[in-house]
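Take a look at the structure below.
The values are calculated or read from the model by the stated rules, or taken from the named source; none is laboratory data. Please read these numbers as outputs of a predicted model, since none were measured by experiment. No Cβ is skipped: glycine too gets one built from the backbone with ideal geometry, and neighbour counts run over all protein chains shown.
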Amino acid sequence: MATWLKARGIETVAMEATGVYWIPVFQILETQGFEVKLVNARHARTVPDRKSDVLDCQWLRQLHRYGLLAGSFRPDDSVCVLRRYIRQRDTLIKSASTHIQQMQKALTQMNVQLHRVISDISGTTGLAIIRAIVAGERDLHKLAALKDVRIHASTEEIVATLTDRAFGTGWRMPIATKWISRTARAISTDLVKQTSQPV
């Protein structure tokens, strides 16, 4: 496309920013030396009954010829790359939060109230206790002993949140709850690790 435009003496191009489809076209044209003006479609469509792509192109060309198009701001490539990394990190964190909520729901269904004494069940202590529960540990004091030294709650307070009611005689974690807890923990842990990895 860039070669075709150059062969016809085109020096400047106006294009609409629609979804992410414009990005590779914009980059190719810009690297080939064209003056590319990125246009907000809402600002350009001021004439009624212009719905087709062909008519849109003709209308943009006419506005561009008369200098009536205001290009949208686009930062340097290095800033765009950084923005993509930041957005992806934010997506991973949000995904991890969803799985952490699923773990919390599974614990609540088991009547395990860890969140009352541990502010973050995805932290060192919370994950250690959850791993042990999923692995089959039922001794309340052994579970409470897994707490990190930075946890302010005492062993007795943690034991109280686990409750004998949740781990009574013959208690078994439902298979579905166990699977949800295990997979949610694995996914959330992996997602959190990805956010801290160097590029």
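Scanning the stretch 39-94 for residues that are surrounded by 10 or more Cβ atoms within 10 Å (Cβ to Cβ), at pLDDT below 80 and polar (S, T, N, Q) yields N40, T46, S72.
Does any residue of the stretch 70-86 turn out to be closer than 30 Å to R131 by Cα and in contact (Cβ under 8 Å) with a residue 60 or more places away in the chain? Show your work before the answer.
Kept after step one, since they are closer than 30 Å to R131 by Cα, are these residues of the stretch 70-86: none.
Within the stretch 70-86, none of the residues are closer than 30 Å to R131 by Cα and in contact (Cβ under 8 Å) with a residue 60 or more places away in the chain.
Does K6 satisfy the condition of being part of a strand (DSSP E or B) and over 30 Å from S122 (Cβ atoms)? Quick ask: steps written out before the conclusion?
Values: part of a strand (DSSP E or B): no; over 30 Å from S122 (Cβ atoms): yes.
For K6, the condition - part of a strand (DSSP E or B) and over 30 Å from S122 (Cβ atoms) - is not met.
Being over 30 Å from I23 (Cβ atoms) and surrounded by 12 or more Cβ atoms within 10 Å (Cβ to Cβ): is that true of A135 here? In short, no.
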